[in-house]
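Colleague: I have a structure here, written as structure tokens, and I will follow up with some questions on it.
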Amino acid sequence: MKIVFASSEVFPFSKTGGLADVVGSLAKEMVKLNNDVIVITPYYKSVMENFPEIKNTEKKVWVDVPSGLLEFEIFTLKESGIEFVFFKNDELFLRNGFYNENGLDYQDNPVRFASFSMALMNYLKHHNINPDIIHCNDWQTSLIPVYHKSYFSDLKAKTILTIHNLAFQGIFDIDLKYIGLDDSFFDMEKLEFYGKINFLKGGIVYSDFITTVSPTYAEEIKTMEYGFRLDGLLRHYSHKLKGILNGIDYEYWNPLTDKYIYKNFDNHNDKKINKFKFTEHFELNNDYPLFVMVSRFTEQKGLNMILHLREKFSQLNASFIFLGDGTPEFNEKMKILEHINSNIRVILGYKEQLSHILYASSDFYLMPSVFEPCGLSQMIAMRYGSVPIVRKTGGLNDTVKDIAQNGYGFVFDEINSDALLSQINRALDYYNSNDISYLSEKVMKIDFSWKESAKKYVQLYLSLVNT
Ligand code: ADP
């Protein structure tokens, strides 16, 4: 099959979170399963600066917008058997951020990603790409199925939309002519959403199939509690909705070969050496268990529960490291946590290398998410022998089983800081009265690779192509 992935970010070129990891690693898996894979993504400023090996093809594609014609130059790079195609338009993408700067979203985001999506369709059509599947991801590429069904029905491809996080829908107060559509799309059955335009809704309505990133999340988003006002629509389209659990890239996230960590390992004895080195560097008590979190600092990730425990941390015989980034308010509050607790370190920013070191050094991994579509961090943590403490939601529910159920983690239900604290205490008790190496090695052995899930995607693609 020929598969085109459309994504606003893809690892290693651009990444703000799990979306980039998933597209990068799923594309690789599809190549391994003998598919022809093209990933199409914007040519951001940081891509231009960090990847000089990407070459100009001298091809171009144009999009009609109310002010004239927008030109995209086509750049490309072949890597791991994947053809990466970058669309370059400096007016839209030569900026310091991907979606925002200094905590503020770019005002023209709807036009940026609608134009990118339309350019992608024009590229497929005018350069005779003819894919079997166009796999779209999140709101940024959700208009592709709308354009496909409305203007490009001669392209035989089937469209899939993967929802990586329903909280982000691309809701804008914008005249439809700026995104290449006429007023007829301002309809409750189409893109209209409480008086505005909702990109993700368009993708849900017009795509041939919708996936989301874990089976539990596929059920949750059909409920009012997790549906972000799209639960009714998702219930309506539940016949074309399925949850397929994400995997992680087992070559990249491999403690035996990871070039960023101090000591490579496949057992707890060797893993421990990473903790020794690391706690020494950060002047933390090495006898204490080390709890870490690598995350966007947002409400979604349970940061309010953590902050609520601010006075409690110093009473615990444990060390904590939080690596992450969020709004200036969250960042500031997290820094205060560090100031009032000598056993806490807070590191702000996006730091890929440090994240590897933290996964490798930690005894426990904290992920008390309020909601979690899939979550990659807990799977990475487990691959690195770090025992998860999670809230029972979404992909966390599908990947972590409590030790009381013959499992290997600590799981709680209520969105409540006391519930989190009692799991931290449970983990501490476990650490003090058992040999943690048993649980650590147990989680290291669980298979979180793409193997099974990639096959499920292939089956889904085939079933769509054959209909
Ligand atoms: P989400 O996509 O909701 O942010 P996931 O758990 O699915 O959460 O994926 C997060 C990915 O981003 C993981 O690979 C994690 O290691 C990485 N990550 C998150 N925050 C940081 C950070 N501050 N520095 C380095 N890596 C980070």
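Colleague: Sort out for me the Cα centre separation of the range 204-260 from the range 120-177, rounded to whole Å.
Modeller: Here the two parts' Cα centres lie 18 Å apart.
Colleague: Which aspartates and glutamates, on any chain, are close to residue 60 with Cα under 15 Å apart, when same-chain ones fewer than 8 places away are left out?
Modeller: The qualifying aspartates and glutamates are 71, 73, 90.
Colleague: Ranked by Cβ crowding within 10 angstrom, fewest neighbours first, how are 453, 115 ordered?
Modeller: Ranked by crowding around the Cβ, least crowded first: 453, 115.
Colleague: Beyond 17 Å, what share of the Cα-Cα pairs of the range 27-107 remains, rounded to the nearest whole percent?
Modeller: Roughly 55 percent, rounded to a whole number.
Colleague: Measure nothing but the geometry: give the 0 to 90° angle between the long axis through the Cα atoms of 109-126 and the longest principal axis through the Cα atoms of the chain, rounded to 10°.
Modeller: Once rounded, the angle reads 60 degrees.
Colleague: Additional query: Kindly provide the GluC sites (Glu not before Pro) of the range 97-192 that DSSP labels as loop, not H, G, I, E or B, and whose Cβ sees at most 14 other Cβ atoms within 10 Å.
Modeller: Loop-located and lightly packed - 189.
Colleague: A further question follows. Please turn the phi angles of the range 87-96 into ³J(HN,Hα) values with the Karplus equation 6.51 cos²θ - 1.76 cosθ + 1.60 (θ = phi - 60°), one per residue in order, whole Hz, x for glycine and proline.
Modeller: Each residue's phi maps through the Karplus curve to give 9, 9, 9, 5, 4, 8, 10, 7, 9, 6 Hz.
Colleague: Can you work out the base-10 log of I(q)/I(0) for the range 316-432 at q = 0.09, 0.15, 0.21 1/Å, using the Debye formula on its C-alpha atoms alone?
Modeller: Rounded to two decimals, the profile gives -0.24, -0.70, -1.41.
Colleague: Can you give me the angle between helix 18-32 and the longest principal axis of the chain, using Cα atoms only, in degrees from 0 to 90, rounded to the nearest 10?
Modeller: Between the helix axis and the principal axis of the chain, the angle is about 70 degrees.
Colleague: Can you give the relative contact order of the range 327-403 as a percent, counting alpha carbon pairs under 8 Å and 6+ residues apart?
Modeller: Normalised by residue count, the contact order of the range 327-403 is 25 percent.
Colleague: List the pairs from 28/158; 15/78; 335/445; 45/190; 277/451 whose alpha-carbon separation is above 26 Å, in the order I gave them.
Modeller: Long pairs (Cα-Cα over 26 Å): 335/445; 45/190; 277/451.
Colleague: With loop defined by DSSP as not H, G, I, E or B, and exposure as at most 10 other Cβ atoms within 10 Å, which is the longest segment of the chain clear of exposed trypsin sites (Lys or Arg not before Pro)?
Modeller: 260-467
Colleague: In deg cm²/dmol and to the nearest 500, what is the mean residue ellipticity at 222 nm of the chain if only DSSP H runs of at least 4 residues count, each as -39500 (n - 2.57), divided by the residue total?
Modeller: That calculation yields -10500 deg cm²/dmol at 222 nm.
Colleague: Still on this structure, I have one more. Work out the FRET efficiency for residue 175 and residue 299 from their Cβ-Cβ distance, taking R0 = 22 Å, and round it to the nearest 0.05.
Modeller: Efficiency, rounded to the nearest 0.05: 0.10.
Colleague: Let me ask something else about it. In the chain, what percentage of the DSSP-assigned beta bridges are antiparallel, given to the nearest 5?
Modeller: Antiparallel: roughly 30 percent of the beta bridges in the chain.
Colleague: Using only Cα atoms, what is the ratio of the radius of gyration of the range 163-279 to 2.2 N^0.38 Å?
Modeller: Taking the Cα Rg and dividing by 2.2 N^0.38 Å, one obtains 1.60.
Colleague: Is the C-alpha gyration tensor of the range 50-152 telling us rounded, prolate or oblate? Criteria: a/c under 1.5 is rounded; beyond that, a/b larger than b/c is prolate, otherwise oblate.
Modeller: Verdict is rounded for the range 50-152.
Colleague: Tally the DSSP beta bridges in the range 155-273 and give the antiparallel ones as a percent, rounded to 5.
Modeller: Of the beta bridges lying entirely in the range 155-273, close to 35 percent run antiparallel.
Colleague: Additional query: On a C-alpha basis, how far is the centre of the range 69-91 from the centre of the range 364-401 in Å? Whole number, if you could?
Modeller: 34 Å
Colleague: What relative contact order, as a whole-number percentage, does the chain give when Cα pairs under 8 Å and 6 or more residues apart are counted?
Modeller: 12 percent
Colleague: Using the Cα atoms of the chain, I'd like the radius of gyration and the largest Cα-Cα distance, Dmax, both in angstrom.
Modeller: 22.6, 70
Every number here is computed from the coordinates shown, using simple stated rules; none is lab data. Quick caveat: nothing in here was measured; it's all calculated off a predicted structure. Methodologically, a virtual Cβ is constructed for each residue, glycine included, from the backbone with ideal geometry; neighbour enumeration extends over all protein chains shown.
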